[in-house]
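One structure is given here, and the rest of the page talks about it.
Nothing in this text is a laboratory measurement; each read-out follows from the coordinates by a stated rule. Remember, it's a predicted structure, so these values are computed and weren't measured experimentally. Note that we place each Cβ from the backbone using ideal geometry, even for glycine, and neighbour counts take in every protein chain shown.
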Amino acid sequence: MGFRNRFQRLLATVALTFSALTATQHSLAAGLMTPVDSNLPPLQIREQHVTVDVEDGYAITEVEQVFHNPNDQDLEAYYRFPVPEKGTVAEFTVWIDDKPVIGEVLEKEQARQVYEQEKAAGREAGLTEKDSYKAFDVKVQPVRAGQDTRVRLVYMQPASVDTGIGRYVYPLEEGGVDEKKLAFWTANDSVEEHFSFTLNLRSGYPVDALRLPKHPQAQIQQLGPQQWQVTLDNRTATGSSEEETNSENPNFTPPAANGQPANAFTLDQDIVVYWRHQQDLPGSVDLVAYKAPGKDRGTFMLSITPGDDLPPITTGSDWVFVLDISGSMSAKLATLCDGVSQALGKLRGGDRFRIVLFDDRAEELTSGFVDATPNNIRQYTKKVMQLQSRGGTNLFGGLSLALNPLDADRPTGIVLVTDGVANVGKTQQKDFIDLLENHDVRLFTFVMGNSANRPMLTAMTGASNGFAISVSNSDDIAGQILNATAKLTHQAMNDVEIDIDGVRTADLQPQRIGSIYHGRQIVLLGHYWGDGPANVTLRANVAGQDKHYKTRFNFPAQGGDNPELERLWAYATIQDMQQEINYFGEEKDLQQGIVDLGLEYGLVTNYTSMVVLRDEVFAEYGIDRRNAKRREIEKLAKAQRQANAPTSNRADTAQPMYTSNRPSYSSGGGGGGGAFGIGALLPFLILLIGGGLRRRR
């Protein structure tokens, strides 16, 4: 049997094993929440329609739902939705008297007070709050007895491309990290009549394939070299027989004794969409700018996609895998085991590894460092695949054990796989960052599942100049491991700085770039004044040598069809402020800064919420309709963009910053929207994890 056939059989075996493991796990989901001891039939989700517009640099997701009350009394609807990665709610709309009413942002306590007052008065109202990093909580009242209520939630988030691969996740799996809430509430996660998901991809560069790993029944259509569409609909999912439909799609449930319709769609599995840019695209600098009419200050997004000129690493390294096996990882443990087992299989001769486990306490699965021989890799892969979840989350204990002892003479990387919800021992962000600052090591984190503590895990990896990769149960796990290993086989750009001269710029986010790994983009958001030519210089240290990359291009004087940039900049700034609060503790000035930005730009944050009232009631409370006006501007701009074919935003065509093409994965099958194909993975699956990169002081 040829290697290709053997490898295909191996992948099939892994996929079947993974499916069997995850099928046995209890999966929590987004949905309508009902008290566990309630004696009333729960509210129903009759319809959910998701529309996603992905453009260069960001994605806008609209979720429209219809709730039904089967009871003979009015009830309040409570819907819980996992916070998307770097996502912020920009619109919450409730249909009142058959008309959509857009919500406005107030300080959190004020919004809750207004909602409760309207609830007590029996008038229609809605409220969207953010439960820290975990979830958005949506409340609507009243859902009239025997009637429907329609709502819409719109959120925005960045959407970058990594090594030529883009990734979008519609988060539906609830992370299972809040035990008290789970003990009190149960979720109705079934869309009983009609579920649809539509993703419109518009790219400035040609795209040659799309893939949905866990939803093969999705319809994928190429509308042009830079424009694709994905549709998933439980009414037109497939033309095959009902038996085939159910075997292909675990979300569609067959007729059951509980009376659910045959085409009900359960909200317990993330929808993950990958897209792949064509090969041999140049390294580039892209500029998207927006300046409102009559304003001198504009907002810009600068995306730098480096060329493939980072040298490979050839030295052997030490690796410490730190694995979270706590109870909150129950539904994610099979994914963890699968990913780590594949990572072990890609270590090279000359590498060594340790495996540290933590739940309530920390322990070592290995006895010190183990040589990465085929026999040792097989032995510990088997042990990893047998792990069971248990207990609390002593993340600090696990990380402390991983950091001691280390060999000062060998480069070392720490691979942390966790949801980051520490609840045993030290749990504050400052404790973890201080611990990492005392060790010369880089931390690479696989952030597992929705409701993971991404803010803390991102801060930890940033403090060590590492990187974090999010992982869903619906991901191609081999692809995510492939993504990480491709970075660790090459030198990184360290101490990256970007200077912009000639046009006044300020308020840049991120304030500190740190290290950029192979295939990753640099995305800057900021404000600018005036217009005209600007000199842009990227400085970095690569393998001990200083590198300079330069270009020159114009900033526009006015206009632009991307008003959403203002909200994206504001939320990036809010996240930076929130990170300081997480590190230093509550600080009134920072908290007020978040409130001010949330109110000005209409964003739901830890300190601001969005409330919907009857139109006339907004006036009674003296609430200005700023967010409604902003959404009208954004909707008009979106319609203008969609009226034209997507075009490139490349700014450095006259003076390219890079002479080499950007890194990409080999194409090999998968054109026309199917899987990326075995040919796309083979050249990289045989790569071995390269030397861990010791942090530069």
- Item | Whole-angstrom gap from region 472-523 to region 594-652, using each part's C-alpha centre | 29
- Among K134/K430; K99/K295; K99/K139, the pairs whose Cα-Cα distance exceeds 29 Å are K99/K295
- Message: Nearest 5 percent is fine: what portion of the DSSP beta bridges confined to the chain is antiparallel?
- Response: 80
- Cα-only Debye scattering, region 318-488: base-10 log of I(q)/I(0) at q = 0.10, 0.11, 0.16 Å⁻¹: -0.32, -0.39, -0.88
- Query: Say each of S160 and R552 gets a label point 7 Å from the Cα, pointing the same way as Cα to Cβ; how far apart are those two points in nm?
  - Reply: 2.8
- Cα-projected label distance for N375 with A619, points at 7 Å along beta-carbon direction, nm: 8.4
- Message: Under a crude label model (7 Å from the Cα following the beta-carbon direction), how far is R235 from K430 in nanometres?
- Response: 5.6
- Net charge (Lys, Arg +1; Asp, Glu -1) of residues whose beta-carbon lies under 13 Å from that of I165, I165 excluded, is +2
- Item | Relative contact order [Cα under 8 Å, 6+ residues apart], the chain, whole percent | 19
- Message: Let's see if you can work this out: charge +1 on each Lys and Arg Cβ, -1 on each Asp and Glu Cβ, no other charges. What is the dipole magnitude of the chain about its Cα centre, in debye to the nearest 20?
- Response: 2020
- Query: Is it possible to state the helix-based mean residue ellipticity at 222 nm for the chain, with each DSSP H run of 4+ residues giving -39500 (n - 2.57), the sum divided by total residues, to the nearest 500 deg cm²/dmol? What is it?
  - Reply: -8000 deg cm²/dmol
- Task: Using R₀ = 60 Å, calculate the FRET efficiency as 1/(1 + (r/R₀)^6) where r is the Cβ-Cβ separation of K635 and Q388; round to 0.05.
- Result: 0.75
